[in-house]
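Take a look at the structure below.
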Amino acid sequence: MKGFPDVRMRRLRATESLRKLTAMAMPGPEKFVWPIFVVPGKKRREAISAMPGQYRLSVDMLLRELEPVAAQSVGSVLLFGVPDAAGKDARGSGAFAPNGVVQQAIRAIRRAFPNLLVMSDVCLCAYTNHGHCGVLNKQGAVDNDPTLKLLANVAVSHAAAGAQIVAPSAMMDGQVAAIRSALDAAKFSDVGLMSYSSKFASAMYGPFREAEQSSPQSGDRRGYQGDAADLRAALRESALDEAEGADILMVKPALFYLDVITRLRERTDLPIAAYNVSGEYSMLLATAERGWGDLRAMVRESMLALTRAGADIIITYWAHRYQELIAS
Ligand code: PBG
Ligand code: ZN
């Protein structure tokens, strides 16, 4: 290959239209998923202090908030329930109450916004009084196998309410197979399953745990979530979830794990979702607030990074501001 002076990289960089001609396109709004927090009651819109711009919303307020989101053609929402303290118990049974807050929200969104895909997070941590993602055994450790049935109940209750995609995030072994077979047995074979397949025990979930009031009361989640220092285990987890019947795989967090997205992209033909988590969101906001960076430019650069790494679907707290922050 010839080099300089025959080759000049700057030739195709000289103008905006030349750059656009060769560059990757920013993904459209239909590729984005907005995570939202739903609380019981009416007229509630509570600011989450660690996530400026995000709120805990009661179903009535949520519907209002979704109007501009649907108008921008944002593809999907991912629902997280935040029950009141009275709604928590040792088994997280509020998570599969037929008239629980997530179930209500799913029904209301399906009715009001038929073109918005509804995804739901399937876990127990917001509903257990100990804050872990599964039930505890006598020693206080998270007990894998008895948790599977509960997670399956949650998924089936979301499907019954109208969720089109359920997204298990508890990191229990066998959860994808357990949920798939429970959905099929309940005649929800058409409901999709997006597995939080390569999910790491991360320091970047702090703001979310404030939003969800779901921090473990004792211990941490390293006994079930992946180790940031073990790439191969993360890839095995995704392969196992694919074999168990997942329709979509996920890497979470996203920006600190671009290598995982890329490696997974080389190994699977399933769609890959990247979950741009709460800490990644708040980090950019805090930087911009201090005048240390331009928010729109940082958001766009990070969305391109996820796309370049190989993500097909982007779950991000920026999604509701697509036109303002992401669109070209
Ligand atoms: C809980 C869950 C978490 C997130 C999504 N589902 C927190 C955790 O695992 O502790 C994090 C999302 C975020 O930080 O934005 N199953
Ligand atoms: Zn959980």
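A few comments on the model shown:
- Of the criteria (1) touching a strand residue (DSSP E or B) at 6+ places or on another chain (Cβ under 8 Å); (2) of a type outside the set (A, V, I, L, M, F, W, C); (3) not in a loop (DSSP other than H, G, I, E, B), which one Glu30 fails: (1)
- Criterion: in contact with a Gly (Cβ under 7 Å, 6 or more places away or on another chain) and closer than 20 Å to Gly174 by Cα - qualifying residue of Ala246, Ala234: Ala234
- Count of residues meeting criterion [surrounded by 23 or more Cβ atoms within 10 Å (Cβ to Cβ) and in a loop (DSSP other than H, G, I, E, B)] in the range 192-211: 3
- Candidates Ala97, Ala105, Ala90, Ala112 - the one that is over 20 Å from the mean Cα position of the chain (by Cα) and either buried (at least 17 other Cβ atoms within 10 Å of the Cβ) or of a type in the set (Asp, Glu) (or both): Ala97
- Close pairs from the range 43-61: first within 16 Å of Gly206 (Cα to Cα) and among the polar types (S, T, N, Q), partner part of a loop (DSSP other than H, G, I, E, B) and at pLDDT 95 or above, Cβ under 6 Å, at least 6 apart: Gln54/Ile48; Gln54/Tyr317
- The range 160-174 residues that are more than 20 Å from Gly131 (Cβ to Cβ), paired with ones that are within 16 Å of ligand 2 (Cβ to nearest atom) and in a loop (DSSP other than H, G, I, E, B) (beta carbon under 9 Å, 6 or more apart): Ala161/Gly100; Asp173/Tyr224
- Close pairs (7 angstrom Cβ cut-off, 6 or more residues apart or separate chains): within 16 Å of ligand 2 (Cβ to nearest atom) in the range 69-84, among the charged types (D, E, K, R) anywhere: Leu78/Asp121; Leu79/Asp121; Phe80/Asp121; Phe80/Glu212; Val82/Arg56; Val82/Glu212
- Pairs where the first residue, in the range 89-104, is under 22 Å from Pro216 (Cβ atoms) and the second is assigned to a helix (DSSP H, G or I), C-beta under 6 Å, 6+ apart: Gly94/Gly87; Ala95/Val154; Phe96/Asn153; Phe96/Val154; Phe96/Ser157; Gly100/Gly94
- Residue list for the range 96-127, filter: farther than 21 Å from Tyr55 by Cβ and within 16 Å of ligand 2 (Cβ to nearest atom): Phe96, Val122, Leu124
The values are calculated or read from the model by the stated rules, or taken from the named source; none is laboratory data. Everything numeric in this text was worked out from a predicted model, so none of it was measured. No Cβ is skipped: glycine too gets one built from the backbone with ideal geometry, and neighbour counts run over all protein chains shown.
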